[in-house]
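Notes to accompany the following structure.
The values are calculated or read from the model by the stated rules, or taken from the named source; none is laboratory data. Small disclaimer: the values here were computed from a predicted structure and weren't measured. Quick reminder, even Gly has a Cβ in these numbers, built from the backbone with ideal geometry, and neighbours come from all protein chains shown.
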């Protein structure tokens, strides 16, 4: 900006015109406003207490939350109790209230040691589940505060769906405290074929990368009649401040044990597809969702050995030396630009030369359709496969427009 100001200053001195002075002043004002706009901090909805605390007064309140529900240095649960809100329980999704349980691990109900508030599990047996009738009788209003990462197979939205459905059937209110989507700047991947591949990791007819916040997705669930029998939930979404779909929001804490940093969050849409193959994606290492490999993979310059750890018990290829690739230093702007990138899976498939034994039945549940595996086996490129879902992506973008809260 300084260079542009200097240039205009020279023009002004040369012309000595009033118009030049006015142009310079206008330019500086606009540039200052832009700089100020770029530096404004995104404010998650749970920090906007003036908008939602009045809604909770005099009501029995339950939370759907985990460790990501931080309001500055305090957890939302602590803040609400300090404000005199009657919190009767906390429903916890996959990975548990503290976010430490491995993917697919059973989340046990318990009591929060710090506050004595009951923690009620919504995840067990490898899938999200609905609340019990007994638990539903303990509250009048549900507050949702979860940091999602914007993927169809990331299960926090499924727990929200089940809670919305249960609340809709009983006339209970739901207030979503929205958070930015770190992958909210694009939409990519096939729309789930719900008739064939609906599962505990894919519930709704949305693309792999849907580009919506949980608040927007909740509005879409309601508006599209996706709840049981098309019923509506009494829903209010408290929006974030200063967030747009172009915002590059860096998560203040890891949303789950195997997404430890932004590198993993950005690579997750592409590398998670290895969960449906024989290839390790780094679970059981210090670089989960940032490396991939297999003991028989030839030509890979990077080697690693997955181990059984608390965040990944008995991971794929456990205790075996794997050869493959390290993406942990790949420039993040390059990862974002490539979006959902099938080249990693295609490369591994060709290197291992195992045919259909490369895949497991889990692959279709992740990708959501049957044609991707078939096209990879037929030798198609990533661009050729992507072209097959582009029309579905564009239709989805039109479908979601009425529910969006943030500008492009």
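Scanning the range 298-310 for residues that are surrounded by fewer than 20 Cβ atoms within 10 Å (Cβ to Cβ) and in contact (Cβ under 8 Å) with a residue 24 or more places away in the chain gives 298, 299, 300, 301, 302, 308, 309, 310.
Check 288, 316 and return the single one that is surrounded by 21 or more Cβ atoms within 10 Å (Cβ to Cβ) and part of a loop (DSSP other than H, G, I, E, B). Only one candidate passes the filter, namely 288. Tally up the residues in the range 340-379 that are modelled with pLDDT of 95 or more, surrounded by fewer than 18 Cβ atoms within 10 Å (Cβ to Cβ) and part of a loop (DSSP other than H, G, I, E, B), please. The number of residues fulfilling the criteria is 6. Of the residues making up the range 134-153, those that are farther than 18 Å from residue 234 by Cβ and at pLDDT 95 or above are 146, 147, 148, 149, 150, 151, 152, 153. For the structure I just gave you, tell me whether residue 46 is surrounded by 12 or more Cβ atoms within 10 Å (Cβ to Cβ), at pLDDT below 95 and under 35 Å from the mean Cα position of the chain (by Cα). No, not satisfied.
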